[in-house]
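All remarks here apply to the structure that follows.
The values are calculated or read from the model by the stated rules, or taken from the named source; none is laboratory data. Quick caveat, the model's predicted, so the values are computed rather than measured. Positions of Cβ are generated from backbone atoms using ideal geometry, with glycine treated the same way; all protein chains shown enter the neighbour counts. Ligands, DNA and RNA are excluded from the accessible area calculation, which covers all protein heavy atoms including side chains. Shrake-Rupley method; radii C 1.70, N 1.55, O 1.52, S 1.80 Å.
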Amino acid sequence: MSVSQQIMEQTEQSVLHTYNRFPVVFDHGEGVHLYDAEGKEYLDFAAGIAVQALGYGNQAYNDALKAQIDKLIHTSNLYYHKPLEEAAAQIIRHTKMSRVFFTNSGAEAIEGAIKAAKKYAYTKNGGGQYEIVAMRQSFHGRTVGALSVTGNDHYQEPFQPLMAGVKFADFNDLDSVKEAVSDKTCAILMETVQGEGGIYPADPAFIKGVRALCDEKDILLILDEIQCGMGRTGYWFAHEAYGVDPDIMTCAKALGCGVPVGAFVLNEKAASKSLLPGDHGTTYGGNPLACAAVAKVFELFDEMDLVEHVRTTAPYLEQKLDDLVSRYDFLQTRRGMGFMQGVVVKGRPVSEIVKKALDNGLVILSAGSDVLRLVPPLIITPADIDEMISRLEAAF
Ligand SMILES: *Cc1c(COP(=O)(O)O)cnc(C)c1O
């Protein structure tokens, strides 16, 4: 039995079976490549689900984490530490927002954003304005609150009843949002670019219309940028592409480039009338190790001009994918922004293509029921894109 087979069999004996994992054991990574326990090389266009924006083995990033581990890993939020100040300042510097709360995951960032929105309405006019309007086909995480605003019946059904007061509207359909909004609505929540649901960017008129609706009714706009944020679309955060600012934004995934960390980030209006001492907390959230990672990630993105790299390289990726779509009958269309791209597949199971790609040394993802999803490390070059296309065609 190979080393990999042994690890896989033993894992299945003790880890709760909530994932049908692909039969590969990853051992280490370098740049945009992963290596399995037998030493086979893979080109990675999944980045651990849009997390490893810097790829693998970035020496400056690794050194910063190692140095922080030797200094201080954890303190709790009862005390100050410098990485917290630095990480929060970096987020503020790169957005128009004014306050940050660090969490350990994306789902927890959503939980915090929901609480902040409810507290904002409560501060303004007491109880009663608690409803959240969220979108169908969305994804916001697996905790009970985040699941309650995730527009996916299959994910929700076994866990009903979930959080009360959630109404669903259709993404990119402003009328359906207007219908769902009432005088009980405290927030509208959506991804700027829907990820898990199948890579659907917001229509400019839609997101601008939602912003105007929120302004008119003093409802908070929560934009989930957990997957589409951190440079992935060729903007630091995807909403910049639309000229629309959220009241609260959620981040995670690439925020720590591998260290588990998320954040919800508030503008002055939302921050000044929402969560106060005693309203929210976390033991680990924003600990020195996580914050050292966040601060270094921003520093390296700036040094490497990574967001600009995405913006200038994305047209090449789009052109190559469009070319692929035109050459294969079972590929229908491409959609996405920057390095967040989906290719719609018809008449073939997407999961089979993902599996075949893996056999051919290419790591990619699916999204929705029929979309091939590409969310590579942001450091990929045109040569990596060529290699991806060649391995994907081998899989076809
Ligand atoms: C991944 C994701 C989440 C959940 O993040 P976790 O860290 O898995 O809890 C929430 N929203 C979006 C848009 C995501 O892509």
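If you go through the stretch 215-257 and keep only what is in contact (Cβ under 8 Å) with a residue 40 or more places away in the chain and surrounded by fewer than 22 Cβ atoms within 10 Å (Cβ to Cβ), you end up with Asp218, Tyr235, Trp236, Ala241, Tyr242, Asp245. Any residue in the stretch 31-45 that is within 16 Å of the ligand (Cβ to nearest atom) and open to solvent by less than 80 Å² (accessible area, probe 1.4 Å)? No - not one qualifying residue is present in the stretch 31-45.
Residues of the stretch 122-161 that are hydrophobic (A, V, I, L, M, F, W, C) and within 22 Å of Ile207 (Cα to Cα): Ile132, Val133, Ala134, Met135, Phe139, Ala146, Val149.
Looking across the stretch 228-250, the residues that are under 18 Å from Phe298 (Cα atoms), away from the ligand (no atom under 12 Å from the Cβ) and assigned to a loop (DSSP other than H, G, I, E, B) come down to Gly231, Thr233, Gly234, Tyr235, Trp236, Phe237.
Considering each of Lys124, Lys119 in turn, give the residue that is open to solvent by 50 Å² or more (accessible area, probe 1.4 Å) and either more than 12 Å from the ligand (Cβ to nearest atom) or out of contact with any Leu (no Cβ under 9 Å at 6 or more places or on another chain) (or both). The unique qualifying residue is Lys124. Among the criteria (1) surrounded by fewer than 17 Cβ atoms within 10 Å (Cβ to Cβ); (2) out of contact with any strand residue (DSSP E or B) (no Cβ under 6 Å at 6 or more places or on another chain); (3) at pLDDT 95 or above, the one Gly48 does not fulfil is (1). Would you be able to say whether some residue in the stretch 205-214 is surrounded by fewer than 23 Cβ atoms within 10 Å (Cβ to Cβ) and within 16 Å of Ser138 (Cα to Cα)? Yes.
Please go through the stretch 1-58 and pick out each residue that is polar (S, T, N, Q) and closer than 20 Å to Leu372 by Cα. Listed by number, the residues that qualify are Asn20, Gln52. Among the residues of the stretch 171-208, those that are without any contact (Cβ under 8 Å) to a residue 40 or more places away in the chain, within 23 Å of Gln129 (Cβ to Cβ) and not aliphatic (A, V, I, L, M) comprise Asp175, Ser176, Lys178, Glu179. Considering (1) surrounded by fewer than 23 Cβ atoms within 10 Å (Cβ to Cβ); (2) on the phi > 0 side of the Ramachandran plot; (3) within 16 Å of the ligand (Cβ to nearest atom), the lone condition that Asn104 does not fulfil carries the number (2). Residues of the stretch 344-396 that are part of a loop (DSSP other than H, G, I, E, B) and open to solvent by less than 30 Å² (accessible area, probe 1.4 Å): Gly361, Ile364, Val375, Pro376, Pro377, Leu378, Ile380.
Every condition in (1) within 13 Å of the ligand (Cβ to nearest atom); (2) touching a residue at least 40 places away in the same chain (Cβ under 8 Å) holds for Leu147 except the one numbered (2). Which one is farthest from Gly141 (Cα to Cα), of the residues in the stretch 267-296 that are outside any helix (DSSP H, G or I) and open to solvent by less than 10 Å² (accessible area, probe 1.4 Å)? Filtering first and then ranking leaves Ser274.
Listed here are the residues, each with its yes/no results for (1) open to solvent by less than 80 Å² (accessible area, probe 1.4 Å); (2) basic (Lys, Arg); (3) within 28 Å of Lys208 (Cα to Cα); (4) in contact with a Gly (Cβ under 8 Å, 6 or more places away or on another chain).
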residue: Tyr130; (1), (2), (3), (4): no, no, yes, yes
residue: Ala134; (1), (2), (3), (4): yes, no, yes, yes
residue: Arg142; (1), (2), (3), (4): no, yes, no, no
residue: Leu147; (1), (2), (3), (4): yes, no, yes, yes
residue: His154; (1), (2), (3), (4): no, no, no, no
residue: Pro158; (1), (2), (3), (4): no, no, no, no
residue: Pro161; (1), (2), (3), (4): no, no, no, no
residue: Val166; (1), (2), (3), (4): yes, no, yes, no
residue: Ala169; (1), (2), (3), (4): yes, no, yes, no
